[in-house]
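Asker: Provided herewith is a single structure, encoded as structure tokens, for subsequent inquiry.
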Amino acid sequence: DLKAVILTAKHHDGFCLWPTETTEYNISKSPYKNGNGDMVKELSEACRKYCLKFGLYLSPWDRNNPEYGRDGYRETYHGQINELSGNYGPLFEFWFDGANGGDGYYGGTNEVRKIDANTYYDYVHARDTILKRNPDAMIFGGTVPTIRWVGNEGGWAGCTDWCPTCSDKFDNYSYMHYGSSEGTEWLPAEVDVSIRPGWFYHAREDHQVKSLARLMDIYYNSVGHHANLLLNFPVGLNGKIHPQDSTMIMEWHNALLEQFKDNLLKNAKAMADNVRGG
């Protein structure tokens, strides 16, 4: 079953789906609800109504902001984190993307800007801000994650996928697939994959929604391998998930219910031949 929803509150283009005080480039300047809309608020309230956990994605990169790459944008970014973590909770996860710097509009300069992602964003301060209001929130990405990227966007984790890992091996994609039984840090894997070929909606991909067989394969190779599955749904220009996508996800849901209707481990006993103390 679907347990939670993560909304992309701001992607690399820099447009904010809530009426932020940090930039004019936000939903209050759009025709949506005559400038009085707040999609982050609407979705967070809908999640609470239907007993779903709510999380947020906030891209560190901002291809619109003229101060990106300078001190000014870092202050803006932390202002956005402060607004989102304090006004829409409780949050179960805060998602930092790994895309950092490159070509952008940047207030009209139209240039390439590069940064050191490990130092520029001050993720330690960002973490403290998030956890102060949402002490149980997981953090994906950045330099202080509590859940790790699995190392691919193909919909699979390694078998066996261990929760423990070592942060000094984060750059080793193969290591991220599997974790390590000898790891010293508890960082469970999260598998992120889209139900379509890409992360955004394109009408030309309406016939390329993943099949039921492919979705089942993804489930068994992510959740079945002890990882958290984050399945992306590209939203159309009408603000809705395409009927093809929603129909397929319901078929997937029903198939999972059928396959797991009998609890084969109901009376089983677990045994281990190697127990690590802690």
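The values are calculated or read from the model by the stated rules, or taken from the named source; none is laboratory data. Here the structure is a predicted model, which means the values were calculated and not measured. Virtual Cβ from ideal backbone geometry, glycine too; neighbours counted across all protein chains shown. The area values use the complete protein model at the heavy-atom level, side chains included, leaving out ligands, DNA and RNA. Shrake-Rupley method; radii C 1.70, N 1.55, O 1.52, S 1.80 Å.
Asker: Taking the dipole about the Cα centre of the stretch 94-232, with the C-beta of Lys and Arg at +1 and of Asp and Glu at -1, give me whichever of Ser180, Pro135, Leu212 is farthest to the positive side.
Answerer: Of Ser180, Pro135, Leu212, it is Leu212.
Asker: Would you mind checking the stretch 138-154 for residues with the amide N under 19 Å from a putative spin-label position 7 Å along Cα→C-beta of Thr184?
Answerer: Counting only backbone N, you get 143-148.
Asker: What is the Rg over Rh value, at two decimals, for the stretch 228-277, using alpha-carbon atoms and the Kirkwood definition of Rh?
Answerer: 1.26
Asker: Separate question: Taking the Cβ-Cβ separation of Val223 and Thr109 as r and a Förster radius of 41 Å, what is the calculated FRET efficiency to the nearest 0.05?
Answerer: Efficiency computed from Cβ-Cβ geometry: 0.40.
Asker: What is the calculated FRET efficiency for Leu2 to Asn152, with r their C-beta to C-beta distance and R₀ = 25 Å, to the nearest 0.05?
Answerer: So, using R0 = 25 Å, E works out to roughly 0.65.
Asker: Hey, if you put +1 on the Cβ of every Lys and Arg and -1 on every Asp and Glu Cβ in the chain, which of Tyr106, Pro243, Phe94 ends up farthest toward the positive end of that dipole?
Answerer: Of Tyr106, Pro243, Phe94, it is Pro243.
Asker: What is the stretch 1-157 by shape, rounded, prolate or oblate, if you read a ≥ b ≥ c off the alpha carbon gyration tensor as root eigenvalues and call it rounded for a/c under 1.5, prolate for a/b larger than b/c, and oblate otherwise?
Answerer: oblate
Asker: Pop out the Kirkwood hydrodynamic radius of the stretch 201-258 from its pairwise C-alpha distances, inverse of mean 1/r, in Å to one decimal. It would help to have the intermediate numbers written out before the result.
Answerer: On the way: mean 1/r = 0.0810 Å⁻¹.
Radius from the Kirkwood sum: 12.4 Å.
Asker: Helix 243-259 versus the longest principal axis of the chain: what angle, 0 to 90°, nearest 10, using Cα atoms?
Answerer: Compared with the principal axis, the helix lies near 20 degrees.
Asker: Hey, quick one: spin label on Asp273, modelled 7 Å out along Cα-Cβ, who in the stretch 137-180 has an amide N within reach, i.e. under 18 Å?
Answerer: It comes to 160, nothing else.
Asker: What FRET efficiency comes out for the pair Arg48/Glu21, r = Cβ-Cβ distance, R0 = 35 Å, nearest 0.05?
Answerer: 0.90
Asker: Hey, another quick one. Need one value: the accessible area of Cys159 in square angstrom, 1.4 angstrom probe, rounded to the nearest 10.
Answerer: 100
Asker: Which cross-chain or sequence-distant (5 or more) residues have an amide H under 5 Å from the amide H of Phe54, H modelled 1.01 Å from N in plane?
Answerer: Val5, Phe92
Asker: Under 13 Å from a label point 7 Å along Cα→Cβ of Ala255: give me every residue in the stretch 185-224 with its amide N that close.
Answerer: Taking a point 7 Å out along Cα→Cβ of Ala255, the residues of the stretch 185-224 whose backbone N falls under 13 Å are 209-221.
Asker: Quick check for the stretch 26-168: number of Lys pairs with alpha-carbon distance under 27 Å, counting only pairs 8 or more apart or on different chains?
Answerer: The number of close lysine pairs in the stretch 26-168 is 9.
Asker: Using Cα pairs closer than 8 Å and at least 6 residues apart in sequence, work out the relative contact order for the chain, in percent.
Answerer: This gives 12 percent for the chain.
Asker: Using only Cα atoms, find the angle between the long axis of helix 39-49 and the longest principal axis of the chain, and express it within 0 to 90 degrees, rounded to the nearest 10.
Answerer: The helix 39-49 is inclined about 30 degrees to the chain.
Asker: Please work out how much accessible surface Phe200 shows to a 1.4 Å probe, ignoring ligands, DNA and RNA, in Å² rounded to 10.
Answerer: Estimated to the nearest 10 Å², Phe200 gives 110 Å².
Asker: When the gyration tensor of the chain is built from Cα positions, what are the square roots of 5 times its three eigenvalues, in whole Å, from largest to smallest?
Answerer: Values: eigenvalues 212, 123, 66 Å².
Semi-axes (√(5λ), whole Å): 33, 25, 18.
Asker: Here is a further query. Determine the per residue accessible area of the stretch 41-115 with all protein chains present and a 1.4 angstrom probe, expressed in square angstrom.
Answerer: Roughly 47 Å² per residue, with all protein chains present.
Asker: Using a probe of 1.4 angstrom, how much of the accessible area of the chain is carbon and sulfur, in percent?
Answerer: Details: 8270 of 15850 Å².
Here carbon and sulfur together make up 52 percent of the probe-accessible area.
Asker: Additional query: With +1 on each Lys and Arg Cβ and -1 on each Asp and Glu Cβ, and nothing else charged, work out how big the dipole of the chain is about its Cα centre, in Debye to the nearest 20. Working shown, then result.
Answerer: Values: 27 positive and 36 negative charges, 122 e Å.
Magnitude of the dipole: close to 580 debye.
Asker: Going by the alpha-carbon gyration tensor, a ≥ b ≥ c the square roots of its eigenvalues, is the stretch 151-278 rounded (a/c under 1.5) or, if a/c is not under 1.5, prolate (a/b greater than b/c) versus oblate?
Answerer: Cα axes put the stretch 151-278 in the oblate bin.
Asker: Can you tell me the alpha carbon radius of gyration of the stretch 165-223 divided by the globular rule-of-thumb value 2.2 N^0.38 Å? Please report the intermediate quantities before stating the final value.
Answerer: Values: Rg = 15.6 Å, N = 59, 2.2 N^0.38 = 10.4 Å.
Ratio of Cα Rg to 2.2 N^0.38 Å: 1.50.
Asker: Report, in degrees rounded to the nearest 10, the 0 to 90 angle that the Cα long axis of helix 71-87 makes with the longest principal axis of the chain.
Answerer: In the chain, helix 71-87 runs at an angle near 60 degrees to the longest axis.
Asker: Something else now. Work out the length of the dipole vector of the stretch 25-146 about its Cα centre, built from +1 on the beta-carbon of each Lys and Arg and -1 on the beta-carbon of each Asp and Glu, and round it to the nearest 20 debye. Intermediate values should be presented prior to the final figure.
Answerer: Values: 14 positive and 16 negative charges, 70 e Å.
Around 340 debye, computed over the stretch 25-146.
Asker: Taking a probe of 1.4 angstrom, what is the accessible area of Tyr106 in Å², to the nearest 10?
Answerer: Only protein atoms counted, so the area is about 0 Å².
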